[in-house]
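Here is the structure we will look at.
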Amino acid sequence: MAEEDDKRLKKRKKKRLIGADRRKRLVRLKCCVQNYDWGVLGCNSQVARMFLLNSGSYTADPDECYAEFWIGTHKSGPSFVFFGRDYNAAAIGSKPLSLKDWITVDPGAVLGDKVARKWGGDLPFLFKVLSVEKALSIQAHPDKELARALHEAQPSIYKDDNHKPEMALALTGFEALCGFISSKELKGVLSSVPEIVELVQGADAEKFSHDSEQNGKEKVKSLFESIFSQIMSSNKAMVREAICKLKRRLSLEKKKRQLSAKEQLVLRLEAQYPADVGILAAFFLNYVKLKPGEALYLGPNEPHAYISGECIECMATSDNVVRAGLTSKKRDVQALLSMLNYKQGFPEILQGVSLNEYTRKYAPPFDEFEVDRCILPVAASVSFPSVPGPSLFLLMSGKGTIMTGYSEEITFQEGEVLFVPAYMEVSVTAAATELHMYRAGVNNRFFKDL
């Protein structure tokens, strides 16, 4: 009996420390950094800058690659809450209080009832800043059914059972490979890249090159799948020889002509990942170049690889990646080949929809998330209306104030991240410099029936 009383007392104490009376207040977050080898070195990385400002640290390690700044509740990189500017105030004993633990006390009050019913005590989205110096792997993210199967079979590699649709919103010029090229473009590859044809069954290459226009859509898709699968499944010795021939040929040809953008790219990839089959895979994927303010979104089972640049990224709360090239990490080529949708054509580029003179909304076709980009000139103000779900605000540069509908006003400066509970209206005013800010929230389409 005494033990049960003690548990109830500890639970009440935890609620007081977490602050039930703070459920309708802005909450500052301390966030984590991921140091993957494809990231940008030291203080040249926007991720490093955000992390240092957010954590109160002073210098970046010049020999460390800063790749991703994570904001959310995923267990591989959780955010922690604090009130005011005293980080230790949001702790139970000596243990910092995670955003997930804070939400779990009363998910409905913080996330909104519909979000809490659908996703429990987790934020449905993971918000990031990426700094990419070296190409990421040729990869795809599983749908929910495959994610559950992979997590059950290999939990140490596939760390959760969720799908991972995502969107990259460019901060700088940003390069990516995304989705399969058209049949017309593949015919061009088969006629101009002999090193690929040598790895493919002659009958398949010949048939695709000459008959794809007359074949039905499913036959074309089947041929495309067969050709790509043969390349990705080729043995390492054959791949190494093909890439050696490709590099030698392109090195000679660039003395006589201007290489195409894709040819220049594969030479860059070869310098980063010598003899990697992902170099050949690049010929099959669309080469996308985003300008700042443009966004690219990716559904489940779509092949892609980020190449270079910096971006805001938002996705469903997951870290599941199936890799097959341009990586030193574990590859699962057969899983990737079996899961791909083999949809062809150039991906849609989002320009954002104007909400007002300062703000654009990027809303991909996924329930879990949308992103607003806001650039405020000096002394200008903008309001973000009350919504039925939670929001995260990230200040990339500048300084300003945020006023809530509960008459709370706080100063907000670069590197800071705020959690805004459901049904809270906020107004942001820039101070003496231009303010550049991003908001992530649950996609408005999820609330259409409310």
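The values are calculated or read from the model by the stated rules, or taken from the named source; none is laboratory data. All figures in this text were calculated on a predicted structure; none of them were measured in a lab. Cβ sites come from the backbone with ideal geometry, for glycine too, and all protein chains shown count toward neighbours. The protein model used for the area step is the full one, side chains on, heavy atoms only, and it has no ligands, DNA or RNA in it. Shrake-Rupley method; radii C 1.70, N 1.55, O 1.52, S 1.80 Å.
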Discussion item. Can you confirm whether Leu171 is in contact with a Cys (Cβ under 6 Å, 6 or more places away or on another chain) and either modelled with pLDDT of 95 or more or loosely packed, with under 14 Cβ neighbours inside 10 Å (or both)?
Written reply: yes
Practice prompt. Answer yes or no: is there a residue in the stretch 344-355 that is modelled with pLDDT under 95 and either of a type in the set (S, T, N, Q) or within 21 Å of the chain's Cα centre (by Cα) (or both).
Written response: yes
Worksheet, complete the sentence: Filtering the stretch 107-159 down to residues that are open to solvent by 10 Å² or more (accessible area, probe 1.4 Å), in a loop (DSSP other than H, G, I, E, B), touching a Pro at 6+ places or on another chain (Cβ under 8 Å) and over 16 Å from Val321 (Cβ atoms) yields Gly120, Gly121
Fill in: Within the stretch 349-361, considering residues that are closer than 21 Å to Ile402 by Cβ and either assigned to a strand (DSSP E or B) or without any contact (Cβ under 8 Å) to a residue 24 or more places away in the chain (or both), the one least open to solvent (accessible area, probe 1.4 Å)
Thr359
Discussion item. Among the residues of the stretch 74-86, are any under 30 Å from Lys134 (Cα atoms), modelled with pLDDT under 95 and buried (at least 21 other Cβ atoms within 10 Å of the Cβ)?
Written reply: yes
Item to complete: Sort out which residues of the stretch 35-56 are open to solvent by 30 Å² or more (accessible area, probe 1.4 Å) and in contact with a strand residue (DSSP E or B) (Cβ under 7 Å, 6 or more places away or on another chain), and write them in order of number.
Response: Asn35, Tyr36, Asp37, Leu41, Gln46, Phe51, Ser55
Practice prompt. Report, ordered by the first and then the second residue, all pairs with beta carbons closer than 7 Å, sequence separation of six or more or different chains, a first member in the stretch 99-112 that is farther than 20 Å from Phe369 by Cβ, and a second member that is among the charged types (D, E, K, R).
Written response: Val105/Lys15; Asp106/Arg23; Ala109/Arg23
Response to the item:
Going through the stretch 52-72 in order, the residues found to be touching a residue at least 24 places away in the same chain (Cβ under 8 Å) and at negative phi are Leu52, Leu53, Asn54, Ser55, Glu64, Cys65, Tyr66, Ala67, Glu68, Phe69, Trp70, Ile71
Worksheet item: Can Leu340 be described as surrounded by 15 or more Cβ atoms within 10 Å (Cβ to Cβ) and closer than 30 Å to Leu177 by Cβ?
Response: yes
Practice prompt. Of the numbered conditions (1) surrounded by fewer than 23 Cβ atoms within 10 Å (Cβ to Cβ); (2) on the phi > 0 side of the Ramachandran plot, Gly179 fails exactly one; give the number of that condition.
Written response: (1)
Worksheet entry | Scope the stretch 282-319; condition under 28 Å from Glu225 (Cβ atoms), surrounded by fewer than 22 Cβ atoms within 10 Å (Cβ to Cβ) and polar (S, T, N, Q); matching residues | Asn286, Asn301
Response to the item:
Residue hits (the stretch 330-355; farther than 15 Å from Ala170 by Cβ and touching a Lys or Arg at 6+ places or on another chain (Cβ under 6 Å)) are Arg331, Tyr342, Val353, Ser354, Leu355
Worksheet item: Does Glu414 count as of a type in the set (Asp, Glu) and touching a His at 6+ places or on another chain (Cβ under 9 Å)?
Response: yes
Fill in: Residue among Leu246, Leu267 that alone is of a type in the set (A, V, I, L, M), closer than 16 Å to Leu177 by Cβ and either modelled with pLDDT of 95 or more or not in a helix (DSSP H, G or I) (or both)
Leu267
Worksheet item: Can Ser222 be described as modelled with pLDDT under 95, open to solvent by 30 Å² or more (accessible area, probe 1.4 Å) and small (Gly, Ala, Ser)?
Response: yes
Worksheet, complete the sentence: Filtering the stretch 369-408 down to residues that are closer than 27 Å to Ala116 by Cα, out of contact with any Lys or Arg (no Cβ under 8 Å at 6 or more places or on another chain) and open to solvent by 10 Å² or more (accessible area, probe 1.4 Å) yields Ser383, Pro385, Ser386, Val387, Met403, Gly405, Ser407
Item to complete: Looking at (1) closer than 25 Å to Leu326 by Cβ; (2) part of a helix (DSSP H, G or I), find the lone condition where Val33 falls short.
Response: (2)
Worksheet item: Looking at this structure, is Val378 at pLDDT 95 or above, in a loop (DSSP other than H, G, I, E, B) and more than 25 Å from the chain's Cα centre (by Cα)?
Response: yes
Response to the item:
The correct count of residues that are among the hydroxyl-bearing types (Ser, Thr, Tyr) and either assigned to a helix (DSSP H, G or I) or within 16 Å of Ala324 (Cα to Cα) (or both) in the stretch 249-264 is 1
Discussion item. As an exercise: evaluate Val33 against (1) modelled with pLDDT under 90; (2) closer than 22 Å to Phe393 by Cα and give the number of the one condition it does not meet.
Written reply: (1)
Item to complete: Give the residue, chosen from Lys329, Lys262, that is more than 22 Å from Met167 (Cα to Cα), within 19 Å of the chain's Cα centre (by Cα) and among the charged types (D, E, K, R).
Response: Lys329
